[in-house]
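Below is one structure, written out as structure tokens, with a few remarks after it.
Read-outs: derived from the displayed coordinates by stated rules, not from any lab. Since this is a predicted model, take the numbers as computed values, not measurements. We place every Cβ from the backbone using ideal geometry, glycine too, and count neighbours over all the protein chains shown.
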Amino acid sequence: MTNNDKEKNLSRFSEYLRQARVVTFLTGAGMSTESGVPDFRSNQGLYQSGINEEIFDIRVFDRRPERFYQLAADFFGSIRAAVPHKGHLAITRLHERFEKTVHVCTQNIDSLHQDAGNTDVLPVHGTLTSSHCRGCGEAFPAERVWDAIQARSVPLHQGCGGVIKPDVVFFGESLPEAVFAAAERAMVAADIVVVAGTSLSVYPAAGLPALRRPDSRLVLINHTPTQMDVEADLVFHSAISEVLTAAVDGL
Ligand code: OAD
């Protein structure tokens, strides 16, 4: 894409946003890299650093929780230190300044969309802000898990001896039903769906944009190509912060 094409596509994106009443996002780990949190599958991603998907597998967690609590420290440390970037803030401007109805379906567990002031965030892969005992189901505040992650030790429930796990969705677990149902409704309601920073390789989240209405627009922002590029109205293989800021500035 030449610079000219990019400018034209950015004005088209602004125009789509101007025409839309409801804007629904699906974001992935690439949304957070510019805040210093690594993604999973790109060259600098978590899965290239000697860690693989097993760390988030519930069967592995239940057998050997110490693996998760030993390996997660750096990753979760980067989440703790992260603050929203101008791409997150551009999404906030869409509803605060331009009065769009904005739904943010996210696979991210880092709460950066919420920190940026977005009010309708649907974390379909759960959250780090709460946790539960795998033994008896008792709920614990986030701090209990954070302290254990930092200490690289397994947090145990004093009462039943069960292992405490953050409420993030591991492979082999169901997605939070009500949150996922709301994300499905948000896709159907959208006049424009913006997919940003996801390789679209993990289902069912990756299937959400396919629920959009035939008359809605689809815009993809991802450094690398995805399977949905062919059906999108606009594709940007560029940095999310740059594209979202420019598109919202152009409104
Ligand atoms: P991936 O790591 O699979 O994909 C992130 C995508 O974002 C990559 O294709 C990058 O090229 C792109 N990217 C990174 N930084 C970017 C930037 N600043 N601007 C534009 N594009 C950028 O992450 P997800 O698709 O989110 O699940 O992964 C899905 C799920 O797999 C995660 O929720 C997690 C993981 O295993 C669980 O842990 C259950």
Report task. Would you give the gap between the C-alpha center of the stretch 149-174 and the C-alpha center of the stretch 190-251, rounded to a whole Å? Result -> 34 Å
Query raised in the report: What is the spread of the Cα atoms of the stretch 67-134 along each of their three principal axes, largest first, in whole Å?
Result: 46, 24, 14
Query - Relative contact order of the stretch 125-168, pairs being alpha-carbon contacts under 8 Å that are 6 or more residues apart, as % - result: 51 percent
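Report, for the chain, the % of DSSP beta bridges that are antiparallel, rounded to 5. Kindly include the intermediate steps, with their values, before the conclusion.
Details: 8 of 31 bridges.
Just about 25 percent of them are antiparallel.
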Report task. Let me know the whole percent of all Cα-Cα pairs from the stretch 186-233 that are separated by more than 15 Å. Result -> 38 percent
Report summary line: For the stretch 1-59 (alpha-carbon point model, no solvent) the Debye-based log₁₀ I(q)/I(0) at q = 0.20, 0.24, 0.27 Å⁻¹ works out to -0.89, -0.98, -1.04
**Report entry** For the stretch 127-235, with +1 on Lys and Arg beta carbons and -1 on Asp and Glu, the positive-most of 175, 211, 157 along the dipole
**Finding:** 157
Report task. Provide the percentage of antiparallel DSSP beta bridges, counting only those with both residues in the stretch 109-251; round to the nearest 5. Result -> 50 percent
Requested in this report: Over all alpha-carbon pairs in the chain, figure out the percentage whose distance exceeds 30 Å.
Outcome: 27 percent
Query raised in the report: Based only on Cα atoms, what Rg/Rh ratio does the stretch 92-180 have, Rh being taken as Kirkwood's radius?
Result: 1.08
**Report entry** Within the chain, helix-based [θ] at 222 nm, where runs of 4 or more DSSP H residues each add -39,500 (n - 2.57), nearest 500
**Finding:** -10500 deg cm²/dmol
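If you put +1 on each Lys and Arg Cβ and -1 on each Asp and Glu Cβ, how big is the dipole of the chain around its Cα centre, in Debye rounded to 20?
Result for the chain is approximately 60 debye, rounded to the nearest 20.
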Report summary line: hull vol. (C-alpha, convex hull) per residue for the stretch 144-251, Å³ -> 166 Å³
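Mind pulling the per residue volume of the convex hull built on the Cα atoms of the stretch 1-111? Å³ is fine. Can you show the working numbers first?
On the way: hull volume 14.6 nm³, N = 111.
With only Cα atoms used, the stretch 1-111 gives 132 Å³ per residue.
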Report task. Rounded to whole Hz and in sequence order, give me ³J(HN,Hα) for the stretch 169-185 from the Karplus expression 6.51 cos²θ - 1.76 cosθ + 1.60, θ = phi - 60°, writing x for Gly and Pro. Result -> 7, 9, 4, x, 10, 7, 6, x, 4, 5, 5, 5, 5, 5, 5, 4, 5
Query raised in the report: Non-local amide H neighbours of residue 221 (under 5 Å, H modeled in plane, Pro and chain starts lacking H): which ones?
Result: 195, 196, 197, 236
**Report entry** Rounded to 10°, Cα long-axis angle of helix 240-249 versus longest principal axis of the chain
**Finding:** 40 degrees
Query - Most fluctuating residue given options 169, 121, 230, as computed from a GNM of the chain linking Cα atoms under 10 Å - result: 230
Report task. Please report the Cα spread of the stretch 128-204 along all three principal axes, rounded to whole Å, starting with the longest. Result -> 49, 23, 21
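What is the stretch 79-207's relative contact order, in percent, from Cα pairs under 8 angstrom and six or more apart in sequence?
Working: 157 pairs, mean separation 25.9, N = 129.
Across the stretch 79-207, relative contact order equals 20 percent.
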Requested in this report: Can you tell me the relative contact order of the stretch 140-251? Whole percent, Cα pairs under 8 Å, sequence separation 6 or more.
Outcome: 17 percent
Query raised in the report: Rg and Dmax of the stretch 45-97, using alpha carbons, in Å: what are they?
Result: 16.1, 49
